[in-house]
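Visitor: First the structure, then my questions, so here it is.
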Amino acid sequence: MIGRTISHYRILERLGEGGMGVVYKAEDTRLGRLVALKMISEKPRDPIAIERLKREARAASSLNHPNICTIHEIDEVDGQPFFVMELLEGRTLRDTGPLEHDKLLDLAIEFADALAAAHSAHIIHRDLKPANLFVTNLGHLKILDFGLAKLIAERDDASEEATAMRELTNSNTTLGTIAYMSPEQARGEPLDARSDLFSFGAVLYELATGAKAFTGTTSATIFDNILHRQPAPPAQQPTLAPIIMKALEKDRELRYQSAADIRADLKRLKHSDSHAPVVARTRSLTPWVAVAIVILVAGIIVWQFRPAPKVAASRQTTVAVLPFANIGGSHDRDYLQLALPDELITILSHSRSLAVRPFAMTRKFTGDVDPQKIGKTLSVSNVITGDYRHNGGKLGLTVEAINVDNNSVLWRDSIEVNGEDLIAMRNELSSRVRSGLFPRLNIVSDTREPDRPQNDEAYALYMRALAMSSDAAPNKQAIELLERAVKLDPAYAPAWSLLGHRYYWDGQYADGGMAAIDRGEADHRKALSLDPDLITSRRGLIIHLTEKGELPAAYLQARDLLARRPDSGDAHFTVSYVLRYAGLLRESARECEIARSLDPTNQGLRSCAIAFLRLNDHARARQFIQLDAGSQWSHILVMTILLHEGNWDEIEKETRPDDRDFWRLLVSYRKGSSKQELEREYAPLRAAEVGRRDGENTFFYAEIAAAVGLDRGALEMLRIAVDRHYCSYPALDSDPLFARFRENPEFQQIRQTAIQCQQSFVSWRAQNAP
């Protein structure tokens, strides 16, 4: 197989083989990335094995989570099915032995979070074991092998579960797989998500003790132990023991009822560990004495601090980075004016103690020489400026941080590297900032250093792309540069993240269409698989999931981001974005207000205007629009408000020659065009929108159709918007453009569907509360 090309994947080497599939390292010749390719072993084709392979791909590819292995594609060549997944570097947890407490706790939290995401998508794994858990070189967990995964909504009878159990017991890994089965799975009974939770407990038990919870020399003895024997609590992990033993309850009614519940208990334990060093040292004691001490200490803490009021979270140190000045006179390095500060922002953003203004807010200050004035405009406490020069084959860089309150230089440093060695410049800048600037800001380097680039040419391409405009033509040029960059350096997460944004812009604002939007989502997932702390891709993926209608998955990730960055305006914004699509407009508006109080000049908060528009609070909507004043986007929102207000004279006056087709449709209506003429103009707009997936955008097209009297088109667009999980039934009730539809039976039916859509989300959220 080595050297053979299958579809557009060139096989490079064999990575391993399990009981059903063989895995190869391969190169995607179209996208220039390395992947893992899994197919049926070279032996007589087993229909059951083939179906398991397809089941794994279908199940895993429907999930979007940094702790679940990403499936890129499923295909078939010459009757042999295969699927393509992200290439992981690291090892599985099989035969790993007992783990240290802190490491085990961190992996357990990621494990529970991934299961919560799978279960919220109605998928149970049914084959959780250490061999199906992978730890990357960066220390993050990935769940593998959804070969026995099952949609909970599938036909749920005992015969189907018994068949699945027989498939397992007939495999070459019988004893290893059976040891992690739940009692109900061992009996061949119908399963729900709680079966995975038992397996979760069995895996944690082994990782805590180095021994399986249920052992035996035959399948029968292992089954008997699972059904009737309770293992001794893991003495090596006394504080984890209660969580593990609750997960291993044989009666599923007494077991944890959701992965979210386990995750919450694990996070509480991690929090108590970080605040109770005395308790952490009790591991050397006997388990029951240790547990008693934990209970005693916890009781004292609760008794002492019970009356204390809640303390607000500490505010982050705020920083803005301005464009750098090129003082060397060589214009071939002009792109570094924007690329260097953008890269510095990426470095700074990995510290959770810093709130760093997005570069989109600061790049307009090119040439401005008053950092204090700019800092006050941006509402930050510190401003970073810099200059560079390329002379005599050397690249020199000077960076300084200015305290806005007293206009004093807080920190200054200079770097000089070989003029072609941008990676050395970037790495030295990162090192100097972390060792010099952070202490001056009283910042502890609270997270690992971001990924470093490995290829000089790739990094130069990435830096050039950073500086390019997001307008249609230069954006496509940036995509070309970044495609080359990730091919040369496929492990550099920021390049994948920027490529994800560029493809999204190409699909949303140019002619890239859904193919570009889908590619953007895939690139963000790739970036997060390499660097889970990359906030730009975390936010980007949440936007994608929301616009796809995957509200539970989007909300889980937004909630997790907010938990990690409670003082981040962007984190509050992502929560507001999901809530807006769920139709929880007042909750969305509250999150927007918090976001703006934390980050009052952030252009990225602009779409909060839509929440206030839907609430008919036009004054507040205009305030958020002003965050991005002068842009094409802000122009569209202003025009939409005028449409809601029925201010046709102002609409006609504000319409621009370069406005998009839907505004020209309004002008045609205003000039008295016939309904047939309006329908002809609307037809291509409708066709383009039907091919998209963003329900909020579809809702807007319904407003346009309603405004020009195309009632049939308006109702059609509303139905599509709601079907795409845009659940904003309060907007249906308050939008003045739909006033004449409110007694229409079809409109009432659409409204009822939107209510059900929202109720479904609210019910799910209540069941998955942290």
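The values are calculated or read from the model by the stated rules, or taken from the named source; none is laboratory data. Only a predicted model underlies this, so the values are computations on that prediction, with no experimental measurement involved. Note that each Cβ is placed from the backbone with ideal geometry, even for glycine, and that neighbours are counted across all protein chains shown. For the accessible areas, the whole protein counts, side chains as well, though only heavy atoms, and no ligand, DNA or RNA atoms are used. Shrake-Rupley method; radii C 1.70, N 1.55, O 1.52, S 1.80 Å.
Visitor: Please report how far the C-alpha centroid of region 483-527 lies from that of region 672-750, rounded to the nearest whole angstrom.
Guide: Cα centroid to Cα centroid, the span is 31 Å.
Visitor: Then there's this: Given the convex hull of the Cα atoms of region 552-659, what is a quarter of its surface area in nm²? Display every interim value, and only then the final one.
Guide: Details: hull surface 28.2 nm².
Computed as one quarter of the Cα hull surface, the answer is 7.1 nm².
Visitor: In whole percent, how big is the carbon plus sulfur part of the accessible area of region 385-532, probe 1.4 Å, protein atoms only? Write out the running numbers ahead of the final one.
Guide: Values: 2690 of 5940 Å².
Roughly 45 percent, rounded to a whole number.
Visitor: Same structure, new question: For region 642-770, compute Rh as the Kirkwood radius over C-alpha pairs and then the Stokes-Einstein diffusion coefficient at 37 °C and 0.692 mPa s; write the answer in µm²/s, rounded to an integer. Display every interim value, and only then the final one.
Guide: On the way: Rh = 15.7 Å.
In µm²/s, the coefficient is 209.
Visitor: Shifting gears a bit: If the limit is 30 Å between Cα atoms, which of Lys103/Lys548; Lys267/Lys487; Lys526/Lys548; Lys476/Lys675 go over it? Numbers along the way, then the final one.
Guide: Values: Lys103/Lys548 35 Å; Lys267/Lys487 38 Å; Lys526/Lys548 18 Å; Lys476/Lys675 38 Å.
Too far apart for the 30 Å limit: Lys103/Lys548; Lys267/Lys487; Lys476/Lys675.
Visitor: Oh, and also: For region 406-413, what does the Karplus curve 6.51 cos²θ - 1.76 cosθ + 1.60, with θ = phi - 60°, yield as ³J(HN,Hα) per residue in whole Hz, taken in order and with x for Gly and Pro?
Guide: Computed from phi, the couplings for region 406-413 are 10, 6, 9, 7, 7, 6, 9, 8 Hz.
Visitor: Given bins 5 angstrom wide, list per bin the percent of all Cα-Cα distances in region 605-648, short to long.
Guide: 6, 28, 37, 21, 8, 0
Visitor: What FRET efficiency, computed as 1/(1 + (r/R0)^6) with R0 = 45 Å and r the Cβ-Cβ distance, is obtained for Glu420 and Lys103, rounded to the nearest 0.05?
Guide: Numbers: r = 40 Å, r/R0 = 0.90.
Efficiency, from the Cβ-Cβ distance: 0.65.
Visitor: While we're on this one: Per q in 0.09, 0.12, 0.20, 0.22 1/Å, what log10 I(q)/I(0) does a Debye calculation on the alpha-carbon atoms of region 431-548 return?
Guide: Once normalised to I(0) and log-transformed, intensities are -0.27, -0.46, -1.04, -1.17.
Visitor: If you bin the C-alpha pair distances of region 545-603 every 5 Å from 0, what whole percents do you get?
Guide: It works out to 4, 23, 29, 25, 15, 3, in whole percents.
Visitor: In addition: Expressed as a whole number of Å, what is the distance separating the alpha-carbon centroids of region 538-561 and region 398-434?
Guide: Taking the Cα centre of each part, region 398-434 and region 538-561 sit 35 Å apart.
Visitor: Please list, in order along region 587-602, the HN-Hα scalar couplings obtained from phi with the Karplus expression 6.51 cos²θ - 1.76 cosθ + 1.60 (θ = phi - 60°), rounded to whole Hz, x for Gly and Pro.
Guide: 5, 4, 5, 5, 5, 5, 5, 5, 4, 6, 5, 7, 9, x, 10, 6
Visitor: Quick one: accessible area per residue over region 432-565, 1.4 Å probe, rounded to a whole number of Å²? Intermediate results must be reported in sequence, preceding the final value.
Guide: Numbers: 4700 Å² over 134 residues.
In whole numbers, region 432-565 has 35 Å² accessible per residue.
Visitor: If DNA, RNA and ligands are ignored and the probe is 1.4 Å, what is the ranking of Leu615, Leu397 by accessible area, most exposed first?
Guide: Numbers: Leu615 45, Leu397 5 Å².
So the residues, ranked largest to smallest area, are Leu615, Leu397.
Visitor: Enumerate the amide H contacts of Leu12 below 5 Å, restricted to partners 5 or more residues apart or on another chain; note that Pro and chain-start residues carry no placed amide H.
Guide: So Leu12 has HN proximity to Gly3, Lys25, Ala26, Glu27.
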